[in-house]
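**Q** Before we start, here is the structure in question, set down as structure tokens.
The values are calculated or read from the model by the stated rules, or taken from the named source; none is laboratory data. Please read these numbers as outputs of a predicted model, since none were measured by experiment. Glycine gets a Cβ as well: all are built from the backbone with ideal geometry, and neighbour counts include every protein chain shown.
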């Protein structure tokens, strides 16, 4: 694996991934030295910086080699704290690619979409620092570096909620901070334990290198399970999984719109990404062992989040609870531990970022216009704002998982994977689909249908600039709904490699059927499956030939 | 696609090909055209002289012509298709990897196939597939499957859609969301055709959901009024309940019958028929899919959304909630018939879930149709009842009868709905008791078409409904005394009886409906707030008058079909020729539509038609109609004349004198209290106590456990926050002043009023960006 890293990094003369992390960081610093006389500069500079990151990411996305999506590409490695085996290692594979793309796209759009309500200097500086941190989390291949980025992310978000938020913002910010720190403490112990115990077991020098630690698998089964749990707690808070989700609605409701968009769009994925990259990859046996519990929690989250969402009076809080439900789908897909489930979960991470990010933007715009988010005070908005309503409808249907829009593919794959592995939980999860329609459409009905009275009748429709911001969201919603193949193609090699990694390290692990009943007859179809696979390859080759 | 063939299993017979007439191979065009029309209407509709209707009508007209040509091509294909290898000896073409792309050509003509088909040629479906995406070795395909069933549906959907388009130009003319209406008609038509053409179960799910969304949008077309919006929501959510069944059922099929490898409909059907698929899995799948049918095709107890869906514009009711979308469930069962055939052990049995649901629905809804005062609701319950016939027919194994009834019902029910719309257009109300009566004097043409539709629905000889209903009854195999038990799949006596009762009920409630609407004295003339809310008011406050040609011609055409389409499947022994004669008139529908003898369809027996049964069933219907006729046309009419009272003021006959009858009436008026159960208890419970309890747990228990830590944290956090807030950050940038982004403000002011342009540009921008994205990644 290390030779592989060297080979990959040799291809890239420019440390592009470091640039993705460092650029927004430098942008944040630049913000601090900008003169205060021209406040409009702050937004422009912030947009330019995040735009530059987006541009670089676009280049990375196009240059990313889908045939080796299972390997870390553009790897960028340097010694950091050599004595402790800590390195600055960044890399990108099919699992992180789309999350990086999502992050890079979401930040400039959010910066463009939302005006800082006050003190723009600090506001944009925090946003750029946040971007640097999130990029670092998705790119880091060193446990220590990962932890540093994971913690860095907290600070800007704490201030964004605390300073630019609404309502009980200080409470919400602190709750967010304390919850996450609580989990992080466990994770720090876990990280240190992993590195030092591995060193003790193998007799090698201490290293925090993710790939090394994962390939070594030196820890005893019970030890690994305990350490996995420490990671799982940290990530479960971040996801958030039931029952440690209660910080989320408060944080979302009181955060400024930009905070909500980033929080829902990318920050929740730090948890699910962490579970994939650090939970499953580092501790395959423990992941298989704990998978049923995590699937159960995910399913509970789906139903519970959906039920709680139905009764919300505040539109933003409703969307926040819907996130709990959606993240549940990601978790059950991920811990199905098969290709469909993992790909579905991963795809759903991106989808949720798009749909919920857009929903929070739209809700934020409603608040800007009407100065209320209470559903009871809204109504009939479709009349004065038909375009707004149409866009809201499309985004909402994507969130509901309507076929043809992005939400469906990920949700279906996750369900399919979960069904193979944990049938009964999957059936329960499927009922979450009904409730999702209930709370979202019901909310839509109350907000947009009916007669428009009072201020509602005067509500301004989507402006040109707002419309322009929605364009990329809508494009992504349609592309990923109608033609998700390019996205999936780049994920799947990495997902398959992860599954092979599990298979290689866990005895008796069988991808297709974690607890498959005998009546589904999957076992005796292995042969067919193999033939099918070879055939599928032939056919896809043919298809590609035809397309070329 | 056919792993067993790749494995070299030569003995298995697969009757599917990708080599056929150009029209059959490119049937996807029929679905694509309305989709293009949808996009065009969205972007340019408002600017066009006919506000977008021209796009819809053009697209659907071309689709209709293509559907007819495809139908002709299919007939030719059915009778004459051969491959070179097709002949006396069974032959199997195995894709050796050099073949054409993803399509496998497999054709085998066993003598068994010929025997079962009873015709000269084997039944060879045409399938074209392309890969949509791939995950873990499983292909997710998009494709078309063209056989008799899909060709028949293509014809029905495009024809009714076209007539509804034409009708709507008058009916919703001047509506405030006229363009929007046509956009969704196009989208619906396209989605429905997409569903019908599906060659795999995943695509079916997609189409199923898409038609549901269109239905939601169209039911709520006049969303300013809460009842309409509520009805739309109810329809969507009830259908979502069924969707859980659909998802679970289809995924079960994918693993059990698709062997965790394929969603392909034909392969799944073949695998089931070849045995080796777990029976338990099939039972589960069949039961789950039946739940999906219950919601989509309005079967008891999930039917309650369908009558409410009448809140939508009448053309929508005719197209979506009578002729096409609501039969999606029936179509799905017909497509995946082996699942039910094996899972519910239809053959040789006398009871099963699907058939019983259908039987209960057909009688239960027939009774409800009696107590409705709203003409559209009578028709809605009638639709539920007729869908019950179809579900029951499938449940008892009468596949062809069910599909044939679907076919005939589409025409006469669309005829009736559009007829009711014609009347409502004149009186601006759907209330038969308050605002109608005596309409035959004002609208003689509508009257004639409505009566034809009613007679066809009542199943009177020789109109369309007679033939299809009779075929269902005979194939229940009930009561050999009436003959017809011949080789029917089972002996479903209970279902036969329910079918008979349903026949009487249908005839009776339609008689009542015709009387209340068209006979007696005109009770309207005070049209005001009852009026269906379309913007055009013709300004006539005098007597209602006959509708215009764009409404009447669709009615004439549908009436003609209501009379004639029954002849498409004349029983053998009727008119001339023998059953085996390909040029004969008998059982043409069966010959072209039923995939008998193909590898993906079970060997379904057919009952011999019985003269006795036909006569008895007709008598039953006549008796039902006669009873209602005696009551309304004779008794009530006389009473009304004698007392000079309007019908509304008349006592309700037996229901006022007999306690039991009164209780029954109350039960019917309250729709068996199902709505009360759903909205009051279940939905109310979920939204109310259950959600509240969950939220309480959330706020008090879950949050409470971290309460102590939380509170301390808040305190210290506030301290930190205030310190940093006041001391460091705020101080450093205190001078920066208030935010006012001049550029942002400028951009906001550019906003202009041209909403349509604006939305069009926005979505066009999204499309361009999407294209760029795909291009970048596809290279």
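To keep it simple, each residue is scored yes or no on (1) in contact with a helix residue (DSSP H, G or I) (Cβ under 9 Å, 6 or more places away or on another chain); (2) crowded, with 24+ Cβ neighbours inside 10 Å; (3) within 14 Å of chain B (Cβ to nearest Cβ); (4) part of a helix (DSSP H, G or I).
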site: A:287; (1), (2), (3), (4): yes, yes, no, yes
site: A:292; (1), (2), (3), (4): yes, no, no, yes
site: A:295; (1), (2), (3), (4): yes, yes, no, yes
site: A:300; (1), (2), (3), (4): yes, no, yes, yes
site: A:322; (1), (2), (3), (4): yes, yes, yes, yes
site: A:331; (1), (2), (3), (4): yes, yes, no, yes
site: A:346; (1), (2), (3), (4): yes, yes, yes, yes
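**Q** When region B:254-275 is examined, which residues are found to be under 20 Å from residue B:133 (Cβ atoms), in a helix (DSSP H, G or I) and either at the interface with chain A (Cβ under 10 Å from one of its Cβ atoms) or at pLDDT below 85 (or both)?
**A** Residues satisfying the conditions are B:254, B:255.
**Q** Out of all the residues in region B:213-226, which are under 15 Å from residue A:449 (Cβ atoms) and either facing another protein chain (nearest Cβ under 9 Å) or part of a helix (DSSP H, G or I) (or both)?
**A** Answer for region B:213-226, where residues must be under 15 Å from residue A:449 (Cβ atoms) and either facing another protein chain (nearest Cβ under 9 Å) or part of a helix (DSSP H, G or I) (or both): B:216, B:217, B:218, B:219, B:220, B:223, B:224, B:225, B:226.
**Q** What is the number of the single condition among (1) touching a helix residue (DSSP H, G or I) at 6+ places or on another chain (Cβ under 7 Å); (2) at pLDDT below 85; (3) in a strand (DSSP E or B) that residue A:32 does not meet?
**A** (3)
**Q** (1) more than 16 Å from the chain's Cα centre (by Cα); (2) within 8 Å of chain A (Cβ to nearest Cβ); (3) touching a residue at least 40 places away in the same chain (Cβ under 8 Å); (4) part of a helix (DSSP H, G or I): which one isn't true of residue B:229, the others all being true?
**A** (3)
**Q** Can you pull out every residue in region B:314-365 that is more than 14 Å from the chain's Cα centre (by Cα), within 24 Å of residue B:154 (Cβ to Cβ) and assigned to a loop (DSSP other than H, G, I, E, B)?
**A** If the condition is that a residue be more than 14 Å from the chain's Cα centre (by Cα), within 24 Å of residue B:154 (Cβ to Cβ) and assigned to a loop (DSSP other than H, G, I, E, B), then B:336 is the only one that fits.
**Q** What's the total number of residues in region B:239-253 that are surrounded by fewer than 24 Cβ atoms within 10 Å (Cβ to Cβ) and more than 7 Å from chain A (Cβ to nearest Cβ)?
**A** Looking only at that region, the number is 1.
**Q** I'd like to know if region B:544-553 contains one or more residues that are surrounded by 14 or more Cβ atoms within 10 Å (Cβ to Cβ), modelled with pLDDT under 75 and more than 19 Å from residue B:310 (Cα to Cα).
**A** Taking every residue of region B:544-553 in turn, none turns out to be surrounded by 14 or more Cβ atoms within 10 Å (Cβ to Cβ), modelled with pLDDT under 75 and more than 19 Å from residue B:310 (Cα to Cα).
**Q** If you don't mind, another one. Is it the case that residue B:184 is at pLDDT 85 or above, closer than 24 Å to residue B:143 by Cα and assigned to a helix (DSSP H, G or I)?
**A** Numbers: at pLDDT 85 or above: yes; closer than 24 Å to residue B:143 by Cα: yes; assigned to a helix (DSSP H, G or I): yes.
Here the answer is yes, as residue B:184 does meet what is asked.
**Q** From the list A:138, A:159, A:150, A:146, which one is crowded, with 23+ Cβ neighbours inside 10 Å, within 14 Å of another protein chain (Cβ to nearest Cβ) and part of a helix (DSSP H, G or I)? Spell out the reasoning first.
**A** Numbers: A:138 fails: within 14 Å of another protein chain (Cβ to nearest Cβ); A:150 fails: within 14 Å of another protein chain (Cβ to nearest Cβ); A:146 fails: within 14 Å of another protein chain (Cβ to nearest Cβ).
Checking each option against the conditions leaves just A:159.
**Q** Turning to a different aspect of this structure: Does residue B:262 satisfy being more than 23 Å from residue B:191 (Cβ to Cβ), buried (at least 23 other Cβ atoms within 10 Å of the Cβ) and without any contact (Cβ under 8 Å) to a residue 60 or more places away in the chain?
**A** no
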